[in-house]
Amino acid sequence: MSRLFKARVVKHTAVKGPFKVLSVGPLSEIIPPEPGQFFMLQTSSGSDPLLKRPLSLFRHRDGELQFLYRIRGKGTACLSRVAGGDVIEMLGPLGNAYPVPPGDFVVSAGGIGVASLFSLMENYKQRARLYYGARNSDELLMLDETKVLAKDFCITTDDGSAGSKGLITEPLMEFIGSSSFRESPMPIYACGPSPMLRALASIIKGKKLDCYVSLEEVMACGVGACLGCVTRTVTGYQRVCKEGPVFRIEDIIWE
């Protein structure tokens, strides 16, 4: 099976504001994707934009691939205009997936970062303790669907418009420091803005916990050839599209 394939747009659903869910049906058999992997998507029928855009797998269900994304630049603006019945070219699945959790686990999501973590929670229902934060209620995405998948959850917003007011790393730090967590530590999976991941790295430093983070970088090829998405790690620069996007948090140099 080739990682390069064509898919037909099944539907394009508005979520809220600049956020949408794109559902496509591959026109040929594909390699089954795993949570944490991503695809490169053609954004228009022409040559502008020329390059595909990377999107994390949101959900793989009933033969459809779904992508939750934010309209941010020219590429995603063009992508937002594809409609049901259109055929687009795709490349994937790409990158490393999240390691399979051995039991219960912690999920730390920031804003659109929930897109990368949703399928992990869906694959292991009622096993995740979810910590989900955003700047405001408008950036908490698919909240009802995500809550159903979680064993327990904590919601925060910077402005207090939903959940508790504050950063999600604050209640997460409290939980990691609790006696119940120390007695039964769980792996942590995280995706979100760099400040959140940097704070998480500081919280667990020296605690010898399994923590995996999915990084976002601008990508051109998605297969490691262009070296356009490198990040600094303890072993040197590594490609987010090839050696990532999922890394152990202690392997990233956050300074």
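The values are calculated or read from the model by the stated rules, or taken from the named source; none is laboratory data. These numbers were taken from a predicted model, which means no experiment stands behind them. Every residue, glycine among them, receives a Cβ derived from its backbone with ideal geometry; neighbour counts consider all protein chains shown.
Things worth noting here:
- Search result, residues across region 116-129 that are buried (at least 21 other Cβ atoms within 10 Å of the Cβ) and either under 20 Å from residue 199 (Cα atoms) or assigned by TED's automatic domain parsing to the domain that holds residue 17 (or both): 116, 117
- Residue list for region 128-148, filter: in contact with a Ser or Thr (Cβ under 6 Å, 6 or more places away or on another chain) and outside any strand (DSSP E or B): 136, 137
- In region 211-222, the qualifying residues are those that are out of contact with any strand residue (DSSP E or B) (no Cβ under 7 Å at 6 or more places or on another chain) and surrounded by fewer than 18 Cβ atoms within 10 Å (Cβ to Cβ), and the one that is nearest to residue 117 (Cα to Cα) is 218.
- Residue match in region 76-93 (condition: surrounded by 14 or more Cβ atoms within 10 Å (Cβ to Cβ), over 30 Å from residue 174 (Cβ atoms) and in contact with a helix residue (DSSP H, G or I) (Cβ under 9 Å, 6 or more places away or on another chain)): yes
- Complete set of residues in region 183-196 that are in contact with a strand residue (DSSP E or B) (Cβ under 9 Å, 6 or more places away or on another chain) and without any contact (Cβ under 8 Å) to a residue 60 or more places away in the chain: 195
- Residue in region 176-198 that is surrounded by fewer than 18 Cβ atoms within 10 Å (Cβ to Cβ) and among the aliphatic types (A, V, I, L, M) present: no
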